[in-house]
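The values are calculated or read from the model by the stated rules, or taken from the named source; none is laboratory data. Everything quoted here is computed from the prediction, not taken from an experiment. Note: ideal-geometry Cβ built from the backbone for every residue, glycine included; neighbour counts use all protein chains shown.
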Amino acid sequence: MDNTEMYKSLDIDLKAHDALMGALPVLFQECFLNKEQELKNLSYFYSVIADIHGARVKELVDHKTKGPVIGSFCIYVPEEIVLAACGQLVGLCAGADFWVPYGEQVVPKNLCPLIKAGVGAKYSRTCPYFQVVDLLIGENTCDGKKKTWEIFSDMVDMYIMDMPNKKSNEGLKLWQEEVKNLCNFLEKKFSKSITFDSLLNGIQKVNAKRNALRRLYNTRKNSPTPISGIDALLVTQIGFYDDIERYTKMVDALAQECEERASSLSSKNNSKKRILVTGSPMVVPNWKIHHVIETSGADVVVEENCTGTRYFKDNVSIENASTKEDLLKNISDRYINNINCACFSPNIGREEDILSLCKDYRVDGIVYVSLSFCTTYMVEAERIRKVAKENNIPMITLESDYSFGDLGQLRTRIEAFVENL
Ligand code: BJ8
């Protein structure tokens, strides 16, 4: 389908956009289409990626007649509240190396590629998702993002949520207030009243998405795993911008197929080592580490990161909630208690999560991946290394960006790690 008119209406730089779109099919072919694939329900997710700047963007453009399209950069931004305001939430974290040089024209080189690519995507006017949003909700997590909101606010309408640094009672109070403030802000800004019922509906939709993803990930506890790690990663990545109800249905269908496949594979011997990946988020089209691990003779069976289990761990409770305020409080609790981001100090919850995932998914080794200049995750690697050692779980620490210059070195290190497990 020709999207030129839509792109023009979104003020996309058409020439630069063509150059961007030229690179994606090669990467997609290499990472996904060249490998054996037996799950028929994956075809939906492959088709979403193949048309990444097409049908879904059109849906978002059409949605603007009913409500706002809102972008975010962090899984702390509660999707439930955006849905309750008749909005659509789109994850804007950018994973393409193409955008990094554009970002470096505006922000320092020694920022993580996720931030630089995000700034570059907006600055170059080549990402229709950045172009379609009415508002960007930022959050004060890491220093890089905190300061980058000032740059973004010159290019797009912004609202910023403050975050505590510590999961104390005071921290929880601050966060509860921030969640309420966001709700009030969206009501006023878009003249939409957020009611108990609309909030409940939003919570039920996001809980259903989390349930479907959990069901899918549970199948990966089987050995052999019925779905490759790179495919599971792709499915989770798409959850950040796809239509929530259609997405949930498709993940459920895929999970069912994986359950059936797991039983039919159960009699087969599996000699492949089972890997947990943890660290900074991996957003589309950052499939590099999974690709290298899974072409080095191992399976990625779970990801402890924001494009993995942190995205769907536990639901927002609707038990005993009879007012909108109760629901908002339950939303605050779910987010602060379940997302163990390295921006918090201390961050013991993440150590516990990693250990329990290693047990549940029968993990042989941990691959800890920080994006370059992602200080919080790089520093926290040391604590995780100690905990892994105490529990006799081998771990390798990697630092990488979105370029392919380090592929050979990564492969050498990962192959040696897998061989020694
Ligand atoms: S909850 S991980 S999505 S903040 S990679 S920009 S941390 S320097 S993205 Fe994150 Fe929310 Fe935490 Fe998750 Fe900074 Fe690191 Fe860059 Fe990062």
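Which residues, taken from the range 34-74, are more than 16 Å from the ligand (Cβ to nearest atom) and of a type in the set (V, I, T)?
From the range 34-74, those more than 16 Å from the ligand (Cβ to nearest atom) are 34-69; that's our starting set.
Passing the criteria: V48, I49, I52, V57, V61, T65, V69.
When residues of the range 130-150 are filtered for being out of contact with any Asp or Glu (no Cβ under 9 Å at 6 or more places or on another chain), β-branched (V, I, T) and more than 13 Å from the ligand (Cβ to nearest atom), how many remain?
Here is the first cut: in the range 130-150, the ones out of contact with any Asp or Glu (no Cβ under 9 Å at 6 or more places or on another chain) are 130, 132, 137-138, 141-144, 147-148, 150.
Adding the requirement that they be β-branched (V, I, T) leaves 132, 137, 141, 148.
Among the residues that remain, those that are also more than 13 Å from the ligand (Cβ to nearest atom) are: 132.
Within the range 130-150, residues that are out of contact with any Asp or Glu (no Cβ under 9 Å at 6 or more places or on another chain), β-branched (V, I, T) and more than 13 Å from the ligand (Cβ to nearest atom) number 1.
Just to be sure, is S332 small (G, A, S), assigned to a helix (DSSP H, G or I) and buried (at least 19 other Cβ atoms within 10 Å of the Cβ)?
On the way: small (G, A, S): yes; assigned to a helix (DSSP H, G or I): yes; buried (at least 19 other Cβ atoms within 10 Å of the Cβ): yes.
Considered against the rule, which asks whether it is small (G, A, S), assigned to a helix (DSSP H, G or I) and buried (at least 19 other Cβ atoms within 10 Å of the Cβ), S332 comes out as yes.
Any residue at all in the range 360-376 that's in a helix (DSSP H, G or I), crowded, with 19+ Cβ neighbours inside 10 Å, within 14 Å of the ligand (Cβ to nearest atom) and within 22 Å of the chain's Cα centre (by Cα)? Steps first, please.
Within the range 360-376, the first condition is being in a helix (DSSP H, G or I), and the residues that meet it are 360, 375-376.
Those still in the list that are crowded, with 19+ Cβ neighbours inside 10 Å too: 376.
The next check asks that each one be within 14 Å of the ligand (Cβ to nearest atom); those that pass are 376.
Okay, now just the ones that are also within 22 Å of the chain's Cα centre (by Cα), so 376.
Scanning the range 360-376, I find at least one residue that is in a helix (DSSP H, G or I), crowded, with 19+ Cβ neighbours inside 10 Å, within 14 Å of the ligand (Cβ to nearest atom) and within 22 Å of the chain's Cα centre (by Cα), so the answer is yes.
Could you check how many residues of the range 328-359 are more than 15 Å from the ligand (Cβ to nearest atom), over 25 Å from K173 (Cβ atoms) and of a type outside the set (D, E, K, R)?
Residues flagged as more than 15 Å from the ligand (Cβ to nearest atom), over 25 Å from K173 (Cβ atoms) and of a type outside the set (D, E, K, R) within the range 328-359 amount to 4.
Conditions first: (1) in a helix (DSSP H, G or I); (2) within 14 Å of the ligand (Cβ to nearest atom); (3) touching a residue at least 60 places away in the same chain (Cβ under 8 Å). V379 passes all but one, so which condition is the exception?
Of everything listed in (1) in a helix (DSSP H, G or I); (2) within 14 Å of the ligand (Cβ to nearest atom); (3) touching a residue at least 60 places away in the same chain (Cβ under 8 Å), V379 misses just condition (3).
Among what's in the range 94-118 and is surrounded by fewer than 24 Cβ atoms within 10 Å (Cβ to Cβ) and among the β-branched types (V, I, T), pick the residue that is farthest from G138 (Cα to Cα).
V100
Any idea which of S267, S263, S322 is modelled with pLDDT of 95 or more, more than 16 Å from the ligand (Cβ to nearest atom) and more than 18 Å from the chain's Cα centre (by Cα)?
Numbers: S267 fails: modelled with pLDDT of 95 or more; S263 fails: modelled with pLDDT of 95 or more.
It is S322.
Mind listing whichever residues of the range 104-129 are away from the ligand (no atom under 12 Å from the Cβ) and under 21 Å from the mean Cα position of the chain (by Cα)?
G120, A121, K122, T126, C127, P128, Y129
Considering only the range 215-237, I want to know if a residue exists there that is closer than 26 Å to K66 by Cβ and touching a residue at least 40 places away in the same chain (Cβ under 8 Å).
Of the range 215-237, the ones closer than 26 Å to K66 by Cβ are 237.
Narrowing further to those that are touching a residue at least 40 places away in the same chain (Cβ under 8 Å): 237.
The answer is yes, given that some residue of the range 215-237 is closer than 26 Å to K66 by Cβ and touching a residue at least 40 places away in the same chain (Cβ under 8 Å).
Condition check ((1) more than 30 Å from S372 (Cα to Cα); (2) not in a helix (DSSP H, G or I)) across all residues:
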{"site": "T141", "(1), (2)": "no, yes"}
{"site": "W149", "(1), (2)": "no, no"}
{"site": "D154", "(1), (2)": "no, yes"}
{"site": "M163", "(1), (2)": "no, yes"}
{"site": "K173", "(1), (2)": "yes, no"}
{"site": "E177", "(1), (2)": "yes, no"}
{"site": "F185", "(1), (2)": "yes, no"}
{"site": "L200", "(1), (2)": "yes, no"}
{"site": "K205", "(1), (2)": "yes, no"}
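Answer yes or no: is there a residue in the range 286-302 that is assigned to a loop (DSSP other than H, G, I, E, B), touching a residue at least 40 places away in the same chain (Cβ under 8 Å), within 26 Å of I244 (Cα to Cα) and not polar (S, T, N, Q).
The answer is yes; a qualifying residue exists.
Evaluate the following for W99: is it of a type in the set (F, W, Y) and over 30 Å from S317 (Cβ atoms)?
Values: of a type in the set (F, W, Y): yes; over 30 Å from S317 (Cβ atoms): yes.
For W99, the condition - of a type in the set (F, W, Y) and over 30 Å from S317 (Cβ atoms) - is met.
Mind counting the residues in the range 360-408 that are among the aromatic types (F, W, Y) and over 13 Å from L276 (Cα atoms)?
Here is the first cut: in the range 360-408, the residues among the aromatic types (F, W, Y) are 361, 368, 373, 377, 402, 404.
Those left that are additionally over 13 Å from L276 (Cα atoms): 373, 377, 402, 404.
Selection size over the range 360-408: 4.
Has the range 288-297 got at least one residue that is within 16 Å of the ligand (Cβ to nearest atom), farther than 30 Å from N165 by Cβ and under 22 Å from the mean Cα position of the chain (by Cα)? It would help to see each step written out before you state the result.
Narrowing the range 288-297 to residues within 16 Å of the ligand (Cβ to nearest atom): 288-289.
Subsequent filtering for residues that are farther than 30 Å from N165 by Cβ retains 288.
Next cut, under 22 Å from the mean Cα position of the chain (by Cα) only: 288.
Yes, the range 288-297 contains a residue that is within 16 Å of the ligand (Cβ to nearest atom), farther than 30 Å from N165 by Cβ and under 22 Å from the mean Cα position of the chain (by Cα).
For the range 312-329, which positions are surrounded by fewer than 22 Cβ atoms within 10 Å (Cβ to Cβ) and touching a Gly at 6+ places or on another chain (Cβ under 9 Å)?
Listed by number, the list is empty, since nothing qualifies.
If the Cβ limit is 6 Å and pairs must be 6+ apart or interchain, which residue in the range 106-123 that is over 15 Å from S280 (Cα atoms) pairs with which residue that is modelled with pLDDT of 95 or more and near the ligand (Cβ under 8 Å from one of its atoms)?
N110/F373
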